[in-house]
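The values are calculated or read from the model by the stated rules, or taken from the named source; none is laboratory data. The shown structure was predicted, so the numbers you read here are calculated from the model rather than taken from an experiment. No Cβ is skipped: glycine too gets one built from the backbone with ideal geometry, and neighbour counts run over all protein chains shown. In case anyone asks, the SASA skips ligands and DNA or RNA and just uses the protein heavy atoms, side chains included. Shrake-Rupley method; radii C 1.70, N 1.55, O 1.52, S 1.80 Å.
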Amino acid sequence: GGAFFESSMYRKDRTILPLEVHARLLIHKGEQLFLSVGRDLTNRKKAEQALKESEAKYRSFFETSLEGVGISRGTQIINANPALLEIFGYSELEDFRTKSLMELMAPESRTVVEEQFKKTANGEQLENRFQYWILRKSGEKRLVEISTAHGKSGEDLLTYATFRDITERQQYEERIKD
């Protein structure tokens, strides 16, 4: 047995030295000895602080972005920012997450999206910008432009996507053509 804990000590210059301590009681030649080994955690603590700051910046960007931002695993929605919920007409993330991405696609876009999922699963490289018709919660169809990137999280392949509702732009472009 033994003990394992984090502690801190002062250095000669009075700065704090964070330590990971492993300690145990030993019996040597009939005497009880206390053995402890400390490991300097300065670099790990700096890395943890940098990670916290990075996560806070990412979370702030994610939550306040004017673009809809979503993360999915296959057709399962994992996370979405408020702007993406607004594009799809949802007010609650949990309600939105109960839908598969295919349910959110308008019927005329589903075949194309399914093909792209198959290609991605097979490791094929795709264009990273698309336009699809989606269905809002109300059933209203909207045209969105989507930009995607893929990455691994453990064994999972995740899709990171930004969404922009371009319905009005498309309608305007059609009006000027006429």
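Would you mind classifying the stretch 76-178 by shape? Square roots of the alpha carbon gyration tensor eigenvalues, ordered a ≥ b ≥ c; an a/c under 1.5 is rounded, otherwise it is prolate if a/b is larger than b/c and oblate if not. The shape class here is oblate. With respect to the chain, whose longest principal axis is taken over its alpha-carbon atoms, helix 167-177 is tilted by about 30°. With R₀ fixed at 22 Å, the C-beta to C-beta distance from Ser60 to Glu145 puts the FRET efficiency at about 0.40.
Apply 1/(1 + (r/R0)^6) to the Cβ-Cβ distance of Gln131 and Asp95, taking R0 = 45 Å, and write down the FRET efficiency to the nearest 0.05.
0.95
Which is the longest run of the chain containing none of the trypsin sites (Lys or Arg not before Pro) found in DSSP loop states (not H, G, I, E, B) with at most 12 other C-beta atoms within 10 Å?
Free of exposed loop sites, the longest segment is 30-178.
Calculated accessible area for the stretch 106-178 comes out at 69 Å² per residue, all protein chains present (probe 1.4 Å; ligands, DNA, RNA ignored). Rolling a 1.4 angstrom probe over the chain with all protein chains present gives an accessible area of which 52% lies on carbon and sulfur atoms.
When the pairs Lys57/Lys119; Lys141/Lys177; Lys118/Lys141; Lys99/Lys152; Lys12/Lys57 are compared against a 29 Å limit on Cα-Cα distance, Lys57/Lys119; Lys12/Lys57 fall above it. Here each label is just a point 7 Å from Cα along the line to Cβ, and for Arg39 and Glu6 those points are 1.3 nm apart. Projecting the Cα positions of Leu85, Ile27, Val69 onto the charge dipole of the chain (unit charges on Cβ atoms of Lys, Arg, Asp and Glu, taken about the Cα centre) puts Ile27 furthest along the positive direction.
Take the Cα atoms of the chain, build their convex hull, and give its volume per residue in Å³.
Spelled out: Cα convex hull of the chain, divided by residues, is 211 Å³.
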